[in-house]
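Take a look at the structure set out below.
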Amino acid sequence: MDADCGCDTRALVLHVMYRFDTGGLENGVVNLINHMPADAYRHAVLALTEITDFDSAYGSDVEFISLQAARQQVVSGNTPSCTGCFANCAPHCAQPQPGCPWRCKFPPGLPVAPVRMHGEHGRDADDLAGNNLTYQRVRRYYKPFVHHYIALSRDLDDYLVQKTGVPKTKITQVYNGVDTNRFCPAPRLPGERSDVADIMRGLHAFALPSLGEGISNTILEAMASGLPVVATAVAAMPILAVHGQDWFHYPAG
C-alpha cells in the first residue's frame, strides 16, 4: 500500500529510525502501531540504514522505506536526503526516533509534518550518564521544531528539562507496556505427568524444597538431564553430589 494513497483519509504517522531490526525500540514501535486505532491512523517506517524481516510483525497496511545508508554516513550526519521521502509520504505526524541525525528528523527546505513528536527512549552506550554535550546541543537545535516530547521514564524527563531546556509542559511520561496476552505465567503442571523427561529437558534449573527425603529420584533425574539443582539438605541428600560444584543444598526450614 502506498503511504500517500489519496483515497485513505486516516492520519499518516511516519516513524523515522536508524535501523529497523529486532530490539527493544523496534518492539516499542510494533506495540505503538498495533495498538493505535486502525480506523484513525496508518503508518510508514523510514529506516536510514536497513530493514530486516522484523517487518513481518506488522500487517500489510504499513509501508517500509529504507535509505540503505552506511553506518558512518549516519554517525557523521551525511545521510541520504529524507526530503523526497517526506514529500512523497506527506505525513500528518512525524516521530523520529533516537539515533537519527537532525537533518533526517526535519529535512531542510521542506514543510515538515504538522505534528512533530520526539521520543526519548533511553541512553546511548557511549553516554550512559547523559552528559554528552553534542547530544544535548543537537536536541536544543531542533527543540523549536518539536511540538511534544514522550519520555519513557522520570530520569529521561529530567534529562530533557535539565540538560536540554525542554519546558516541562511539553513532556508526557509514557512508560513501556507489555502484551499480557502473550507474556504471562506458564500454566502450572498439577497432578501426574507421563512426559516428565520431556519437561525436564525444557527446564533451566531444578529446585526441590523438601522437608524429608531418602535418595530423591527426581534430583537424580534432574542431574541426568543436565540441570543445575538447588535442594534442601535433608537425610542422605548431601551425599548425591558436591555442594557448590554439582548442585547447591541448604538447610530445610
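The values are calculated or read from the model by the stated rules, or taken from the named source; none is laboratory data. Everything quoted here is computed from the prediction, not taken from an experiment. Note that we place each Cβ from the backbone using ideal geometry, even for glycine, and neighbour counts take in every protein chain shown.
For segment 27-52, what are the residues that are assigned to a strand (DSSP E or B) and in contact with a helix residue (DSSP H, G or I) (Cβ under 8 Å, 6 or more places away or on another chain)?
Hits for segment 27-52 are His43, Ala44, Val45, Leu46.
Filter the strands (runs of 3 or more DSSP E) completely within segment 163-236 down to those with at least 2 residues that are within 30 Å of Arg137 (Cα to Cα) and modelled with pLDDT of 90 or more.
Passing ranges, in order: 171-173.
Leu46 is checked against (1) farther than 23 Å from Ala151 by Cβ; (2) at pLDDT 75 or above and fails just one. What number does that condition carry?
Here Leu46 clears every test but (1).
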